[in-house]
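Where a number appears in this text, it was derived from the coordinates with a stated rule and is not lab data. Small disclaimer: the values here were computed from a predicted structure and weren't measured. Quick reminder, even Gly has a Cβ in these numbers, built from the backbone with ideal geometry, and neighbours come from all protein chains shown.
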Amino acid sequence: MSATTAPAWTKPQQQANWLVRLFDWKPFLAFACLLPAAGLLLVFLTYPLGLGIWLAFTDTTIGRSGYWVGIENFQYLLEDPLWWNAVFYSVFYTGIATIGKFALGLWLALLLNNHLPFKSLLRAIILLPWIVPTVLSAIAFWWIYDPQFSIISFLLVDKLGILDNYIDFLGSAWPARFSLIAANIWRGIPFVAISLLAGLQTISPSLYEAALLDGSTGWQRFRYITFPMLMPILAIVMTFSIIFTFTDFQLVYAITRGGPVNSTHLLATLAFQRGIPGGQLGEGAAIAVSMIPFLVFATLFSYFGLARRKWQQGEGND
Amino acid sequence: MTDAAVLPEAPQSNTATAQPEAMAWDNKARRMVTIYLPLACFLLILLFPFYWMTVTAFKPNAELFDYKTYNPFWIGSPTLDHIKHLLFNTAYPHWLVTTMTVAVCATFLSLFASTLAAYAIQRLRFKGSQYVGLAIYLAYLVPPSILFIPLATMVFRLGLFDSPLALILTYPTFLVPFCTWLLIGYFKSIPYELEECALIDGATRLQILRQITLPLAVPGLISAGIFSFTLSWNEFIYALAFIQSSENKTVPVAILTELVSGDVYQWGALMAGSLLGSLPVAIFYSFFVDYYVSSLTGAVKE
């Protein structure tokens, strides 16, 4: 048996044709393996990124390729109160929503880190707001924020009697701004909580035991063990959260479309409004490009501000 | 400090039974207030919009707009009118099919591309492979909100405007970086010795990939697949910008642009549409929830 199968087993090796040998040659194989991903990303990510920056310096509209106009678009934006309003709201929205998400998310993660019954079921349920399409849950929030049939108003006014009048959630600027931030926090908590929970579980219990022996209080244990050990993961999650909150589009577009009176426009929704329905592709691209400095700054800040120390990652001790 | 000082004395001074019981009760009550109560509040707030969505979807219109005579938190006489309206009077089934097709195709395309890329970066270890890895990671940080305008002009020039193919080709821009990143982490966990053994036995690199690495990486592939599927199902801005005709729209876009018409919103139908649109992802997710959570936390830890 073995005598007959042995030659059959070595045969394909000897007869390997040039194609098989080519695919076994490491440089070519690496190139071929990277080709699909690199191709897709270069064509549909890198090129559009460059094209977007180029478009920002032209007066392109839909159906007409534009001419180079230099920094005219940006000069126009600097004088445009709507753009300044969008910049303000984007920063405000990102700031408040990030603080809210991380404060509540950290709290939820600390709660989940206790010994609880139905642990995995609980985690699965908590992730739901993050899984469900944002637009669809935004529509639910839109209905919750309805001026006449809001369930929150109903509870506060008719059931509990705390307020006298129904809240006009989306009818005027500031309530609309805070309503959107609340919806964003609601959506962001699960992701933050589950990621931070993963970080919490990597902290060795012996650190807490040592601290207990030293007579530490609960706050001290949180402040000097949990928080510093959580810092690296916190930095990564925060970078992501800030980037995707700042460039958020879905929630605002679904609930207010930038209204009332353009008070809740984020840069992304303003870029969309000017660029696609408005047809001013050049100007829309300029608004989109104007997000880049903010993003770079936020990334550098959260990355270098929070994740610099090596000892927190357990490598070396300098 | 004071607690620690009192604790050791307690069993000596009291009869042994009374004190621990009181302590246990105190502990329980404390746990109730500090853990279970806040947790219950979190759960209530996180789940309420879904509950409200469901309740609204099955309420008849009379109950929907009258909180005084009917209890708003319960359905007096459940009705399927909204869902029937959605399925038979609108193009909803068509939107579902389009969304499903786009999500499945984009998922397979990105899984194919990112598996190969992750294998090349993690296992072939050519010169500069870590820079390629870094570039792919950076690509994930480029948000779609910056790209949709230039992509719209590209899609238009390629003649793909208003076609689902435009979505299938552009979704990988955010799927590939994420999946590659996730799979690099997964490949790292597969012992390299297995591949070395196969190399000594005379297997070619492609044979190793197909017969050794991929079968071992199935859990990683599944979680990357789930992530891609949910992300493509949730995608909104590209679908809004590149698709114009009603029948090619995806569910999230169609609900917002086709069902919201006129001054009177049909909240029942809107909620039914949102509920039905969320169900496929939720069901899909519930089957693979363990993969999902573990890979999410794993990817963050990397």
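Quick notes on this structure:
- Protection proxy ranking, highest mean first, for peptides A:203-212, A:127-136, B:72-81, A:144-153: A:127-136, A:144-153, B:72-81, A:203-212, where packing is the per-residue count of other beta-carbon atoms within 10 Å, averaged.
- Averaging the Cα positions of each part gives two centres, and for the range A:76-130 and the range B:215-270 these lie 22 Å apart.
- Environment charge at residue B:203 (Cβ cut-off 13 Å; Lys +1, Arg +1, Asp -1, Glu -1): -2
- Computed magnitude of the charge dipole of the protein assembly as shown (debye, nearest 20; Cβ of K, R +1, Cβ of D, E -1): 1140
- The alpha carbon centroids of the range B:62-137 and the range A:188-225 are separated by 35 Å.
- Net lengthening on full extension, residue B:211/residue B:199 (0.36 nm per residue, minus Cα-Cα): 3.1 nm
- Mean residue ellipticity at 222 nm, helices only, chain A: -20500 deg cm²/dmol; runs of at least 4 DSSP H residues each add -39,500 (n - 2.57), and the sum is divided by the number of residues.
- Working note: Karplus 6.51/-1.76/1.60 with θ = phi - 60° gives the range B:86-94 the couplings 5, 7, 10, 9, 10, 8, 3, x, 4 Hz, where Gly and Pro are set to x.
- 23 Å Cα-Cα threshold exceeded, pairs from A:119/B:188; B:127/B:188; A:101/B:28: A:119/B:188; A:101/B:28
- Shielding value for A:120-127 is 4, the average number of Cβ atoms from other chains within 10 Å of each residue's Cβ.
- Note on residue A:122 and residue B:283: their simple-model spin labels are 3.0 nm apart, each label 7 Å out from Cα toward Cβ.
- Each of the peptides A:41-48, A:186-193 was scored by the mean count of other Cβ atoms within 10 Å over its residues; in descending order, highest first, they stand as A:186-193, A:41-48.
- Between the range A:27-59 and the range A:277-291, the alpha-carbon centres lie 21 Å apart.
- Shielding by other protein chains, A:248-254, mean Cβ within 10 Å: 4
- For residue A:58, residues with placed amide H under 5 Å, excluding near neighbours: A:69
- Gyration tensor (alpha-carbon) shape descriptor, the protein assembly as shown, a/c threshold 1.5: oblate
- Estimated at 0.36 nm per residue, the fully extended path between residue A:157 and residue A:72 surpasses their Cα-Cα distance by 25.5 nm.
- Straightening the chain between residue B:131 and residue B:69 buys 15.8 nm, computed as 0.36 nm per residue apart minus the Cα-Cα spacing.
- Along each principal axis, Cα extent of the range A:78-307, largest first, Å: 65, 48, 28
- Within 10 Å of the Cβ of each residue in B:177-186, the mean number of Cβ atoms contributed by other protein chains is 1.
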